[in-house]
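Below is one structure, written out as structure tokens; comments come after it.
The values are calculated or read from the model by the stated rules, or taken from the named source; none is laboratory data. Here the structure is a predicted model, which is why all the values come from computation and not from measurement. Cβ placement follows ideal geometry from the backbone for every residue including glycine, while neighbour counts extend to all protein chains displayed. Just so you know, the surface numbers come from the protein's heavy atoms only, side chains and all, with ligands and any DNA or RNA stripped out. Shrake-Rupley method; radii C 1.70, N 1.55, O 1.52, S 1.80 Å.
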Amino acid sequence: MADIWLMRHGAYEGHRPGYHAPPEVTLTQEGRDQVRRSLPLPDGIAAIVTSPIPRARQTATLIAQLTGLPIVATSTLLSEWKAPSMVLGRTAETYPPAYRAWRTRRLANPSLRCEDGESLTDLHTRAGHCAAFLRNTAGIHGSLLAVSHTLLLGVVTHIREGPAAFTTAAKTPWQFAERRLLIAHRPVASGLERPAQ
């Protein structure tokens, strides 16, 4: 068994509080510097997996270049929550009325989508598939670093809350280039390994 570390990408172009970044935005120089400062990685990491969204992929690529670790998978399971197109490039003060209305109903009806966005149920389901993908990939390659996005990472780490994990994730964002341990496997007396409690 292997450790699974989760990491948020570095800072990106146009970031500001409450901003819904378009998928194509890229890392800034500060974002690249944050990634460099995040090194060295924890001992034992053998491989990297990443979201295909440019800011995460660029973060993973820079880590791979600096450490020599391979990127063994790029998966849409690690992509950020798919916000509706109507809010991309916007912050809270400019959200359209339809999105504001959806926000008031989303917890009562987590399967409700806002236009082309992902529902809370959709995101929670994908986060479950993502966690299984990470466990399976770690079983093949050893301890992993998974580079992704704040809301997806928050839902994966609070998956037991169900679709409401989105709210927890939104209230407890990850700092740029921050790492957190998702699963730690440690040997027990019998010689077998199990997840840390």
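Remarks
- A Cβ distance below 9 Å, combined with a sequence gap of six or more or placement on separate chains, defines the contacts here; from the range 167-180, residues that are closer than 28 Å to P110 by Cα and at pLDDT below 95 reach residues that are open to solvent by 70 Å² or more (accessible area, probe 1.4 Å) and assigned to a loop (DSSP other than H, G, I, E, B) in the pairs T167/L107.
- Only one of the numbered conditions (1) at pLDDT below 95; (2) buried (at least 18 other Cβ atoms within 10 Å of the Cβ); (3) not small (G, A, S) is not met by V155, and that is (1).
- The test for being out of contact with any Ser or Thr (no Cβ under 6 Å at 6 or more places or on another chain) and aliphatic (A, V, I, L, M) does not hold for A46.
- Residue check for I63: of a type in the set (A, V, I, L, M, F, W, C), touching a residue at least 40 places away in the same chain (Cβ under 8 Å) and under 24 Å from R126 (Cα atoms): no
- The range 73-179 holds helices (runs of 4 or more DSSP H) entirely within its bounds, and those carrying 3 or more residues that are of a type in the set (V, I, T) map to 120-141, 150-157.
Conditions (1) more than 20 Å from G10 (Cα to Cα); (2) at pLDDT 95 or above; (3) basic (K, R); (4) open to solvent by 60 Å² or more (accessible area, probe 1.4 Å), marked per residue:
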| position | (1), (2), (3), (4) |
| --- | --- |
| A46 | yes, yes, no, no |
| V49 | no, yes, no, no |
| I53 | no, yes, no, no |
| R57 | no, yes, yes, yes |
| A73 | no, yes, no, no |
| M86 | yes, yes, no, no |
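- When P40, P17 are checked against the criterion of being part of a loop (DSSP other than H, G, I, E, B), open to solvent by 30 Å² or more (accessible area, probe 1.4 Å), out of contact with any helix residue (DSSP H, G or I) (no Cβ under 6 Å at 6 or more places or on another chain) and touching a residue at least 60 places away in the same chain (Cβ under 8 Å), a single residue qualifies: P17.
- Selection count where residues are in contact (Cβ under 8 Å) with a residue 40 or more places away in the chain and either touching a helix residue (DSSP H, G or I) at 6+ places or on another chain (Cβ under 8 Å) or at positive phi (or both), scope the range 46-57: 8
- Restricting attention to the range 117-149, the residues being closer than 21 Å to L41 by Cα and open to solvent by less than 40 Å² (accessible area, probe 1.4 Å) number 12.
- Condition met for T76 (among the β-branched types (V, I, T) and without any contact (Cβ under 8 Å) to a residue 12 or more places away in the chain): no
- Among the residues of the range 20-32, those identified as surrounded by 15 or more Cβ atoms within 10 Å (Cβ to Cβ) and more than 17 Å from the chain's Cα centre (by Cα) are T28, R32.
- Which listed residue is closer than 21 Å to G154 by Cβ and either touching a Leu at 6+ places or on another chain (Cβ under 7 Å) or open to solvent by 20 Å² or more (accessible area, probe 1.4 Å) (or both), from L69, L112: L112
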